[in-house]
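Working notes for the structure below.
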Amino acid sequence: MDIHSVCVADNAVNVFTDNRMASGDERSVRVQYTPIVQYVAITLLADASDRFHAGAPALAHQSRDSALACWRSMGGRTADGFHRWTSVLSWRLLAALRLHDWGIVPEAAVTDLVTGLLDLQSERGFFWMDADRRDPYRGIVNAAQPAIALCSFIERDFEHPMVDRAREALERLWEGCVAPLTAANPYGMMPYGLYGEPRTAAAGDLYHEAAPGLWYRFFMPEHAPERVNHGLAAHWTSWAHALGMMGRVLERRDFRDAAFDQLAWLTGANPLGVSMISGVGVRTAAPYSRFLGPMPGGFMIGPRGSADDTIWVDTEGRLAWNSGEYWMAPLANALMALAELLPPGTAPASRRLGVPARP
């Protein structure tokens, strides 16, 4: 599982913290070093520097300095165990591409990162979770990060000698992994991921056989050791982002159609007919929002699954965090996906909330 949160706990009792020390509602907080956070920060700070250069030069300069400081701080850590993770390598490549544009990271270093990422792809098309190559890659937030990183590489340097290999890897990912998994349900939804073994089947979780030696689930297992089962909106919007990029870079309309399927799944094209975005669709899930209540545009954490791998969403106002919690991760992924999928120059529709004025 990729690192996506600072909290590690079983929240089955729906605890809501008062943010006061020693008040009795404490939960464990992850405090260890997190390389994904550093590479995400470098990537975003580099993008911010480029975009704020004209309108806010001081902020652009500060963003650039911060990105470079983060990159330097990671220089001595690249041999640690975290850098064997596919998610970490994908984000390091995305950060390196930005700094290569600035003339900071040499082309040889980019080539090494691309080579390392491509080496983590299996012959069947899926990526491995890490360099041990025992378990297929899955992610809650960074679900499609290897594809996003390779697309970013291809679009930045069409003449690089590794571009053809990167294109072939994306085609293999589609043919061997994405196409058969999205065809396993009538909605074209990308299941949570592949497993090298049905690791919690003995505890009661249902797995589906994908191929000899491979199983998959549509949703997270109910009986996983982490004891946390929640919705996967960030997973589906990550795939929407990746498939949108793949469709553009490889000029494949079917990839773009598959990207829209992931967004449609979250806006009502699912067995419950429920939208996970407040104010979008005819029937929306109940949000876990104790103070603010439903917020127009609020993106919820998404449908979760049961042990028998069927969809569940809170539609009864139970304040179930694991389907209705508002979360920035799927919102950010969805915005990046829409930036890929909508025609250039598309402006969002606007309307005033409340009772419409009568002529």
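No lab work stands behind these numbers, since they all come straight from the coordinates. Everything numeric here is computed off the predicted structure, so don't read it as measured data. We place every Cβ from the backbone using ideal geometry, glycine too, and count neighbours over all the protein chains shown.
Candidates 342, 196, 117 compared by Cα position along the dipole of the chain: farthest toward the positive end lies 342, with charges placed on Cβ.
For residue 135 and residue 203, a Förster radius of 22 Å and the Cβ-Cβ distance give a FRET efficiency of 0.80, rounded to the nearest 0.05.
The stretch between residue 167 and residue 339 holds 59.8 nm of extra length on full extension. This uses 0.36 nm per residue minus the Cα-Cα distance.
Largest GNM mean-square fluctuation across 251, 155, 26, computed for the chain with C-alpha springs under 10 Å, falls on 26. For region 40-80 versus region 143-178, the inter-centroid distance based on Cα atoms is 25 Å. When all alpha carbon pairs of region 230-342 are counted in 5 Å bins from zero, the resulting P(r) reads 2, 14, 23, 23, 17, 11, 6, 2, 1, 0 %.
Charges only on Cβ, +1 for Lys and Arg, -1 for Asp and Glu: so what's the dipole of region 230-342 about the Cα centre, in debye to the nearest 20? If you can, show how the numbers build up before the last one.
Working: 8 positive and 10 negative charges, 47 e Å.
Rounded to the nearest 20 debye, it is 220 debye.
Of the residues 296, 327, 315, the one whose Cα sits farthest towards the positive end of the charge dipole of region 230-342 is 296 (charges of +1 on Lys and Arg Cβ, -1 on Asp and Glu Cβ, taken about the Cα centre).
Can you list the residues of region 281-317 with backbone N under 20 Å from a point 7 Å past the Cα of residue 51, pointing along Cα to Cβ? Answer for region 281-317: 297-299. Relative to the Cα centre, the charge distribution of the chain, modelled as +1 at Lys and Arg Cβ and -1 at Asp and Glu Cβ, gives a dipole magnitude of about 980 debye.
Diagonalising the gyration tensor over the Cα atoms of the chain and scaling each eigenvalue by 5 before taking the square root yields semi-axes of 31, 26, 23 Å, largest first. Evaluated at q = 0.22 Å⁻¹, the base-10 log of the normalised Debye intensity for region 46-128, with identical point scatterers placed on the Cα atoms, takes the values -1.05.
Between residue 308 and residue 32, 0.36 nm times their residue separation minus their Cα-Cα distance comes to what? Write down the numbers at each step before the final one.
Values: separation 276, 0.36 × 276 = 99.36 nm, distance 3.43 nm.
Once the chain is fully extended between residue 308 and residue 32, it gains 95.9 nm.
Taking the charge dipole of region 230-342 about its Cα centre, with +1 at Lys and Arg Cβ atoms and -1 at Asp and Glu Cβ atoms, the residue from 266, 278, 247 reaching farthest to the positive side is 278. Against the compact-protein benchmark of 2.2 N^0.38 Å, the Cα-based radius of gyration of region 164-288 scales to 1.14. Taking trypsin sites (Lys or Arg not before Pro) as exposed when DSSP calls them loop and at most 15 other C-beta atoms lie within 10 angstrom, the chain has its longest site-free stretch at 135-226. Using the Cβ-Cβ distance between residue 80 and residue 224 with R0 set to 35 Å, the FRET efficiency from 1/(1 + (r/R0)^6) comes to roughly 0.85.
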